[in-house]
Every structure is written in structure tokens, then in C-alpha cells.
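In what follows, a single structure is set out as C-alpha cells and then discussed.
Every number in this text was worked out from the coordinates using simple rules, so none of it is lab data. Everything numeric in this text was worked out from a predicted model, so none of it was measured. Note that we place each Cβ from the backbone using ideal geometry, even for glycine, and neighbour counts take in every protein chain shown.
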Ligand code: GDP
């Protein structure tokens, strides 16, 4: 009989192994609990978080990670609702949905926030939906999301959808943790109107013109041609892949299969030409660097003395009395002395 007491009790060294085992067996409650521990701001939880991540690491990686972005209102959650069900019902995949929202924790109501989303998908046994972590946690929002991806993979989720808002803050971070970056757009509203920056378009591996239904169908098809032409003018991508555009209606469940075909052909091509693995390796290094920076930051703020010293050095740098190089060296010397 399994000991499920981690579900009711506080996590401890006695029940952490049970939690990890259940997570790896695909238990969604254990997975949710484990993610909460990784998101915790309590320093002692970090020990358990590290234990969980270490145990999950060898079981992770066997998924495809898709970043999804687009301005609020473009239909991201409606699309994920349809697309997620397509992946589960037609392709028999296990699908996890994670959200990265840089505004959560800063403003009370986050953009991806609290509205009831993905009603049908959340009822599927093979779906796991996790809202955005609140900001300000120990590892930073992006590092936490990376951990959540690993945990979902270790729990057997094969397709990870990472949703973000297309307002230019978190896209680069999401691009850094996913294999394919999908941009949702609307027809008939110029790029400037949609607030989509050219840089975000350049990051996209695929674009979907959503709301291609009713009167909007023709406009969407025309927009597809325009965007496809525009994408051809962008610099060649390192992957060798030429970004593609499709139209769909998330609400009416139309062309969702075409969206998948687009994504699938990207994976076939980049797995064959080696780019997929190359990008994953690069992303692991960038995660390592992000964690290292974060740990340095914590280290340099661990005592009042250090904080005061840092402020003094900062002021000297500001006044041009001290070189940043020298100030940084000083601070590191003090932080690392016994
Ligand atoms: P998000 O803010 O990007 O997550 O957008 P939502 O998924 O919440 O959708 C915003 C609004 O657009 C909602 O009222 C949806 O019902 C509507 N919507 C989403 N997809 C479609 C679509 O394909 N066609 C139409 N006509 N409306 C849609």
C-alpha cells in the first residue's frame, strides 16, 4: 500500500521519496505538489526542490516543448483548449500546459491569470494545466518554469505547451525553454495594432492566424499570404527551417490539424538535421547560466553587511570613483571569504 501522506502532510524527508515515486508514475496530484515545492520561496523547501529536480532529470527530455504567444484576446486559451484536446483524443498524447506571465505577482490580476480557462481540457485525464507561478520566487519565474517542464516530462507528459503573453517581456525567456515558438495573430489588424513587435515575429517558427471563421475567413487567408511573404524577408534561421503560416479557428475547431502538421514538420526537419538536439544543449547551458546568476545574486544578498557593502560600492561606481570591475571583484571577495 502506497504511502500517500504527502498529499495531506507537509513535505518532509520522510515522504519526499513517495512524492517523487508517485510523480514519476504520472500522478497529477504529486506533480502539482512537486511544482509547488519548486515554486516555494521558503529556503528550506529548496532542498526538497533540488532533490525532486535531480530525480526527475534522468526521466525528462522526452517531450516536445511548444511556446505559444500572442496578444491578450487573440485566442490563446481557446486555441490551447482545442489543440490540447486534438493532441489527446486524436494523437493519444499526454499534454501539459504551463503559463509564464511576467506580470503575475507584480500586478494582482495577472494577464494570463485567474479567469476560468480551458474548461474541457482540464477535465481530460491526460491533461495537466498549471497557471503561472507567482513572481518573486527564489529561482525567478523563468527558472521555475524550466523546472516545471522537467517535472511534467518525468511524469510522462509528451507535449508541453508553454503559454505566454505577447507583450514583449517573457517571449525571449519562453523561446529559450521551448523547441518551437508559435505566434497567434489576427487578420485585419496591422502588426502595430496588435502590439506585436518585429522581434517577436522573427522568433516565431510558425504563425497561426486565428479567428478564421465567419466574415473573417477571406481576410485570414489574405493575411496568411502577406505574413508568409514577410517571413521570407527575415534573416535565414539557424535551424534551416522556413517559418510557416496557417489559418485556423480555435473557437470552431477548424484547421487545428493543420496547426499540428505545421509543428510536426518542423520537428521532423530539425530532428533530422540535428538542430533540435543542438538547441536543447544550448538551452541547458543557458539555464545553468541563469541559475548561476540567480545564486550569485542570492549569495551577494545573504547578509546585511554584504548588502551595505554592495550599496557603498554601487555608489562609488555611480560617482565614477571606482571601476565596476574592481567593485565586483571586491564584493565577490567578501561574499566568498569564510
Ligand atoms: P487569450 O487572451 O489570447 O487567451 O484569448 P481567449 O482564448 O481568452 O479569447 C478571447 C476571445 O476571443 C474570447 O471571447 C474567445 O471566445 C474569442 N475567440 C477565440 N478564438 C476564436 C476563434 O477562433 N474565432 C472567434 N470568432 N472567436 C475566438
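With axes computed from alpha carbons, what is the tilt in degrees of helix 76-89 against the longest principal axis of the chain, rounded to the nearest 10 within 0 to 90? Relative to the chain, helix 76-89 is tipped by roughly 80 degrees. To the nearest 10 degrees, how steeply does helix 304-318 sit against the main Cα axis of the chain, on a 0 to 90 scale? Compared with the principal axis, the helix lies near 70 degrees. The angle between the Cα long axis of helix 256-272 and the main principal axis of the chain comes to about 60°, on a 0 to 90 degree scale. Kirkwood's formula applied to the C-alpha pairs of the chain gives a hydrodynamic radius of 21.7 angstrom. Taking the DSSP bridge list for the chain and keeping only pairs wholly inside it, about 5 percent are antiparallel.
All distinct Cα pairs of the range 175-302 go into the 1/r average, and the inverse of that average, the Kirkwood radius, is 16.4 Å. One decimal place: the segment residue 13-residue 198 gains 61.7 nm when fully extended, by the rule 0.36 nm per residue minus the C-alpha distance. Using the average count of surrounding beta-carbon atoms within 10 Å as a protection proxy, the listed peptides 174-180, 237-243, 225-231, 254-260 rank, highest first, as 174-180, 254-260, 237-243, 225-231.
Projecting label points 7 angstrom from Cα along Cα→Cβ for residue 269 and residue 286 puts them 2.0 nm apart.
Using the rule -39500 (n - 2.57) for each DSSP H run of four or more residues, divided by the residues of the chain, the 222 nm mean residue ellipticity is -16000 deg cm²/dmol.
The length gained on full extension between residue 325 and residue 234, counted as 0.36 nm times the residue separation minus their Cα-Cα distance, comes to 29.0 nm.
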